[in-house]
Amino acid sequence: MRTKNLTLAVLVLTTGLSLTACQGNEDSAASTSDSRSSSSSATSSSSSSSSSSEASGTSGGSSDSGLNTSTTGGDPATTESAAGSGNGQVTTGTCKTADLDFGTAHGMGEGDLLVSLKNTGDACTLKGFPGVDLRSQDASGPLSAKRSELNAPVVNLGNGETTRFTLHYPAAEGTGVYVSAIEVTPPDETHSKALSVSLRLQIADGADQQVTVDPVGTGKQ
C-alpha cells in the first residue's frame, strides 16, 4: 500500500513537472514570438521612418535646388549689360565735324585766336593739326595756316567736353588785310566748318608765313 502511494506520488510529481515544462515552453515560445513580432514591428517602423526620411530629403533637395535656381538665375544679357556698364569712356573713333560745336575767342596775346571744339556726340578722339583757311574779300584766295612745331597730344572728348587750339597771325597795326571768316577742318576729317571772325593781317613780305596753327589740345585749355 505504501509502495502504491509512493508510486502515485511520483506519477503526480512527474505529471506536474511535465505540465510545468510544457507551460514554460509555451510561455517561452510566446515570448519569442512576441519578441520577433516587436522586432519586426520595430524594423518595419524603422524602415518606414527611413523611407519617409529619404523621401523628405529628396523633396528637400529638389526644393533647395529650386531656391538656388531662383536666387542665382537671371538674364545673362542683363548681367553682361550691367557688368559691361562701368564709369570709363570707350571712344568711338575720330571726332566728326558734324558732332562738334565750334567757337572763337581772342587770346591773351595780340594776334592769337582761340578756336574751341565741343563734342556733342559719343566719346571720340582728336589728335593732330586742324586745317585752317583764312578768307578775305581783299585777297584773291584763301590763306592756309602753316603748322607749328608743337607735338600733338591725344585728346579724348566725352559728350559735352571741350578742347581748343590756337591760331597765330601777325596783327596789323594800321590798315591790313581784313579776314571775315575761317574754315576749320578737324584732324583726320574732310568736312570743314566756316566760322565768322574779324581779323586784320599785316600786309608785308613773308607775313603769310607767320600765320600758324597749333595742334588740338595744346596751349591753355
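Beta carbons closer than 6 Å, at least 6 apart along the sequence or on distinct chains, pair a first residue in region 188-208 that is closer than 28 Å to Val155 by Cα with a second that is of a type in the set (Ser, Thr, Tyr) for Asp188/Thr94; Glu189/Thr97; His191/Thr97; Ser192/Thr185; Lys193/Thr97; Leu195/Thr104; Val197/Thr104. Restricting Ala171, Ala123 to those that are over 24 Å from Ala98 (Cα atoms) and open to solvent by less than 70 Å² (accessible area, probe 1.4 Å) reduces the list to Ala171.
Being in contact with a helix residue (DSSP H, G or I) (Cβ under 9 Å, 6 or more places away or on another chain) and either among the hydrophobic types (A, V, I, L, M, F, W, C) or at pLDDT 95 or above (or both) is a property that does not hold for Val155. Determine if region 211-220 includes at least one residue that is among the acidic types (Asp, Glu) and open to solvent by 60 Å² or more (accessible area, probe 1.4 Å). For region 211-220, residues among the acidic types (Asp, Glu) and open to solvent by 60 Å² or more (accessible area, probe 1.4 Å): absent. Only residues that are of a type in the set (Ser, Thr, Tyr) and closer than 25 Å to Arg200 by Cβ were counted across region 89-131, and they come to 2.
A search for C-beta distances below 8 Å between a residue of region 103-122 that is in contact (Cβ under 8 Å) with a residue 40 or more places away in the chain and more than 17 Å from Val213 (Cβ to Cβ) and any residue that is open to solvent by less than 50 Å² (accessible area, probe 1.4 Å) and in a loop (DSSP other than H, G, I, E, B), counting only pairs 6+ apart in sequence or on different chains, returns Lys118/Gly160; Asn119/Cys95; Asn119/Gly158; Asn119/Gly160; Thr120/Gly160. On the stretch given as region 144-168, residues that are touching a Pro at 6+ places or on another chain (Cβ under 9 Å), among the aliphatic types (A, V, I, L, M) and open to solvent by 40 Å² or more (accessible area, probe 1.4 Å) total 1.
Out of all the residues in region 106-121, which are at pLDDT 95 or above and out of contact with any helix residue (DSSP H, G or I) (no Cβ under 8 Å at 6 or more places or on another chain)?
Hits for region 106-121 are Asp112, Leu113, Leu114, Val115, Ser116, Leu117, Lys118.
If only residues of region 181-196 that are over 15 Å from Ser116 (Cβ atoms) and of a type in the set (Val, Ile, Thr) are counted, the one that is surrounded by the fewest Cβ atoms within 10 Å (Cβ to Cβ) is Thr190. Which residue is most open to solvent (accessible area, probe 1.4 Å), if the candidates are limited to region 128-143 and must be in a loop (DSSP other than H, G, I, E, B) and either under 17 Å from Leu199 (Cα atoms) or modelled with pLDDT under 95 (or both)? In this case the residue turns out to be Gln137.
The values are calculated or read from the model by the stated rules, or taken from the named source; none is laboratory data. The model shown is predicted, which means the values in this text are computed figures rather than measured ones. Cβ sites come from the backbone with ideal geometry, for glycine too, and all protein chains shown count toward neighbours. Ligands, DNA and RNA are excluded from the accessible area calculation, which covers all protein heavy atoms including side chains. Shrake-Rupley method; radii C 1.70, N 1.55, O 1.52, S 1.80 Å.
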